[in-house]
Structure formats: C-alpha cells, structure tokens
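The values are calculated or read from the model by the stated rules, or taken from the named source; none is laboratory data. Quantities reported herein were computed from a predicted structural model and do not represent experimental measurements. No Cβ is skipped: glycine too gets one built from the backbone with ideal geometry, and neighbour counts run over all protein chains shown.
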Amino acid sequence: MTEPTGAVPGPDGELRCPWALSTADYLSYHDDEWGKPVRDDIGIYERLCLEAFQSGLSWLTILRKRENFRAAFKGFDPVVVAEFGPGDVARLLADKGIVRNRAKIEAAISNARAVLELPDGLAATVWTYADTAAAAPRTMADIPAWTPGSKALSVHLRRHGFRFTGPVTAYAAMQSCGLVNDHLIECFHR
C-alpha cells in the first residue's frame, strides 16, 4: 500500500498534510505549531537547535524529547546558553533525556554565542529570508528539502559563526517558524 501524498482527512474530518496523521505527537505539532510565525530570538534559536539535533534522526524522536531539551538548555535562552562551559557540556552529555552528541551540543552553545553577535538579532536576521511567494504544494513531493533561500540563510548564519545550520536544517527551521508555508494546498491550515 502506498502512502498518501496529498492532504488526507484527520480524525475530525479536516484535510491535513499526511505526515501529521501518523502519531498524536505529529498531529498536535502540525495543528498547533508547524508553520505558524515565530518572531522571537528564543523561539527561532530553539527551532534551529532542535533541527540540528534532528539531523540523522527522526523528528518524532526530537519532538518527544523536546521538554527535556528545554530543561537541559534552560529554555533555549541564548543569553543563558552562551554562558555554558565545560561543566555544562559534561552535564548535557550525561543527560539521557536529550540527544547526547558532543558536536551538536557544542554547536548549540556556540550558536547561542553567535546569536548574541548578530547586529539585528536572530529573528530579524532569519525573517529577511522569508518566502511568502512560494507556490502552495499540492503533494508531499512538491515540498523541497532545501531552497535557494534556505541556502542563502545557511551561508549567512555560517558566516556569522553558526554550526549545524546547513541548507536542509535551515529550511526545516524556516518551515517550523512560518517563514515558508509548506502546508499542502488542501490542508485546512493553509
């Protein structure tokens, strides 16, 4: 049996992106958060971090560990995380509630420091790459893994010292923060 590629009815009969119906966690994330505009530095920093931690893993794994990540990274406040030192890295590497990958943990700390160095702040910087003119996708196949805009954002962030923010990670963050609207054309959220 092939998986649906277009919008499908959810438990309430509303048409949704098909990925949202595989688990209750995805349904809640799709309906309550994914694609809704995030315009603050903490919110965007959190999503960039989570997308970086997701690299090579299932998004569901990250979503289910999200509250643990929030506790471990002190609410993803870049001002606080920028002060993390070797003891915090050791604490995070011992925390079974998060993904314990040294390179990703160190990148999250380094990226917090980079956030503080952005002249206009993270949210203002990231929102200059918003793509509100993209055509609405009809099927999941119409949704790219990255775009020229996410590549440009990635280059900009990396130029300012960010790590684990390649074009695919940047695009996933853009989707989650509402910089692009990748809800399928028939999805009730569009």
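Residues of segment 120-130 being surrounded by 15 or more Cβ atoms within 10 Å (Cβ to Cβ) and at negative phi, which ones? Matches in segment 120-130: Leu122, Ala123, Thr125, Val126, Trp127, Tyr129, Ala130. Looking at segment 176-190, I want the residues that are part of a loop (DSSP other than H, G, I, E, B) and have a partner that is crowded, with 22+ Cβ neighbours inside 10 Å and among the hydroxyl-bearing types (Ser, Thr, Tyr) with Cβ atoms under 8 Å, at least 6 apart or on another chain. Which pairs are those? Note: pairs meeting the criteria are Val180/Tyr171.
Against the test of being surrounded by fewer than 16 Cβ atoms within 10 Å (Cβ to Cβ), hydrophobic (A, V, I, L, M, F, W, C), modelled with pLDDT under 95 and more than 20 Å from Cys49 (Cβ to Cβ), the options Ala133, Ala152 yield a single qualifying residue, Ala133. Selection within segment 22-35: residues that are part of a loop (DSSP other than H, G, I, E, B) and over 12 Å from the mean Cα position of the chain (by Cα). The member of this set that is surrounded by the fewest Cβ atoms within 10 Å (Cβ to Cβ) is Ser22. Reported count of residues in segment 101-113, each being loosely packed, with under 13 Cβ neighbours inside 10 Å and either at pLDDT below 95 or of a type outside the set (A, V, I, L, M, F, W, C) (or both), is 1. Restricting the search to segment 122-148, which residues are in contact with a Gly (Cβ under 6 Å, 6 or more places away or on another chain) and among the charged types (D, E, K, R)? Within segment 122-148, just Asp131 meets the criteria.
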